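The values are calculated or read from the model by the stated rules, or taken from the named source; none is laboratory data. Bear in mind the structure is a predicted one, so any value in this text is a computation, not a measurement. With ideal geometry, Cβ positions are generated from the backbone for all residues, glycine too; neighbour counts draw on all protein chains shown.
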Amino acid sequence: MSIPSTEPPTLPDDLVVLQRDWLSSNNLLCLGEQPAIVDTGHVKHAAQTVHRVREVLGQQALATIAHTHLHSDHCGGTGALQAAWPAVTTWVPEPSLGAVQRWDEAALSFDGTGQRCGRFGADQPLVPGRGVRLGRHDWQIHAAPGHDALAVVLFEPTLGVLLSGDALWEHGVGVIFPHIDGSDDFDTFNDTLDVIERLDPEIVIPGHGAPFSRAGGAIDAALGRARERMAYFNAQPAQHALYAAKVLIKYQLLDVDAMTHADFERWLDAAPSLHLLHQQHRPDLAWPAWLAHVLTPMFSKGVLRRDATHVHDGA
Ligand SMILES: [Zn+2]
């Protein structure tokens, strides 16, 4: 009998998943004498993140922060955690270390996507092929480009636990951000799926959604669905552009909850990624017509709502 994939796997006692929503990534706490956290959620929820970490750690100080990648839903709580525990050591994917230290928002891609992220510092590079001690375990660092060119996944081989970030979810795939600016194709994401398959994890703790396990075939099924989705995007790249545009717009409204119509239009006009996606999806349409084409189904399906003065998140 197969275990339903909705049944979350049992994790070792020293690994605590704080499962969050779509605006904030999950946070994994690795307990021990030197407690660590992987991924810190969105800046909107930073106070809540600090509170939830404190609830688990009690009087212990957080010793380490690590990030699977530096999108604003994965590193937005880092500044608040550093303020709460000033002695904490912070690890980021190696190529971003300098950009974080001088807080180069353009290099960190917050500008291009029109997203915001609270400033934080970084001390140590996560280098693929090396390891990082998190709590009681040594975790392998593997490069995981695709969703983000600089992303890593972390794997603990004796437990068989993989922190996949946004390289693998149980359902659906993330936007392939390097595809938006033309710096990469969908095959890189597939290569990362191959890496995950070779690691053959027992349990995957994803950046969003519940952990899922090899038992019952949930990991194989997730890999299969992700590959199918990439095959679809490879065949129809314009559909990826449409998907990415909807994700970016929904994400903005999840962050701010509501915007006046004028502010919403200004935000749309000012987001460089949306202009790139317009060109990839329907360059035959003028910008206002393209926006209407993207937004109309989002309103009719209740993903967004609008009243006389504001656009609201539909949730
Ligand atoms: Zn994410």
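Here are a few things to note about the model shown:
- Of all residues making up the stretch 243-262, the number that are among the β-branched types (Val, Ile, Thr) and either under 13 Å from Ala315 (Cα atoms) or under 14 Å from the mean Cα position of the chain (by Cα) (or both): 2
- Failed condition for Asp257, given (1) more than 16 Å from the ligand (Cβ to nearest atom); (2) on the phi < 0 side of the Ramachandran plot; (3) outside the structural domain of Val38 (by TED's automatic domain parsing): (2)
- For the condition more than 27 Å from Val17 (Cβ to Cβ) and exposed (fewer than 14 other Cβ atoms within 10 Å of the Cβ), Pro288 qualifies.
- The stretch 1-43 - residue that is among the hydroxyl-bearing types (Ser, Thr, Tyr) and more than 13 Å from His74 (Cα to Cα) and, of those, modelled with the lowest pLDDT: Ser2
- So Leu31, is it within 15 Å of His137 (Cα to Cα) and either surrounded by fewer than 18 Cβ atoms within 10 Å (Cβ to Cβ) or over 19 Å from the mean Cα position of the chain (by Cα) (or both): yes
Condition check ((1) over 23 Å from Cys30 (Cα atoms); (2) under 17 Å from the mean Cα position of the chain (by Cα); (3) in the same structural domain as Pro272 (by TED's automatic domain parsing); (4) away from the ligand (no atom under 16 Å from the Cβ)) across all residues:
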{"site": "Glu94", "(1), (2), (3), (4)": "no, no, no, yes"}
{"site": "Trp103", "(1), (2), (3), (4)": "yes, no, no, yes"}
{"site": "Val152", "(1), (2), (3), (4)": "no, yes, no, no"}
{"site": "Pro157", "(1), (2), (3), (4)": "no, no, no, yes"}
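- In this structure, Pro178 qualifies as more than 22 Å from Val38 (Cα to Cα), modelled with pLDDT under 95 and under 19 Å from the mean Cα position of the chain (by Cα).
- Glu265 passes every criterion in (1) over 24 Å from the mean Cα position of the chain (by Cα); (2) closer than 17 Å to Gln115 by Cα; (3) surrounded by fewer than 12 Cβ atoms within 10 Å (Cβ to Cβ) apart from (3).
- Considering each residue of the stretch 105-120 in turn, at least one proves to be more than 16 Å from the ligand (Cβ to nearest atom), at pLDDT 95 or above and of a type outside the set (S, T, N, Q).
- Subset tally (residues that are charged (D, E, K, R), farther than 20 Å from Gly114 by Cβ and surrounded by 16 or more Cβ atoms within 10 Å (Cβ to Cβ)) for the stretch 226-256: 2
- Residue list for the stretch 87-103, restricted to those being free of Cβ contacts under 8 Å to residues at least 12 places away in the same chain and surrounded by 14 or more Cβ atoms within 10 Å (Cβ to Cβ): Ala99
- Yes/no for Ala315 being outside any helix (DSSP H, G or I) and surrounded by 13 or more Cβ atoms within 10 Å (Cβ to Cβ): yes
- Across the stretch 30-86, the number of residues qualifying as free of Cβ contacts under 8 Å to residues at least 40 places away in the same chain, in a loop (DSSP other than H, G, I, E, B) and within 16 Å of the ligand (Cβ to nearest atom) comes to 1.
- Of all residues in the stretch 116-139, those that are under 27 Å from Leu254 (Cβ atoms) have Cβ atoms under 9 Å from Cβ atoms of residues that are among the basic types (Lys, Arg), 6 or more apart or on another chain, in Arg116/Lys44.
- Which listed residue is part of a helix (DSSP H, G or I) and assigned by TED's automatic domain parsing to the domain that holds Phe110, from Ile196, Ile205: Ile196
- Filtered residue count, the stretch 190-209, keeping only those that are closer than 23 Å to Asp21 by Cα and within 16 Å of the ligand (Cβ to nearest atom): 6
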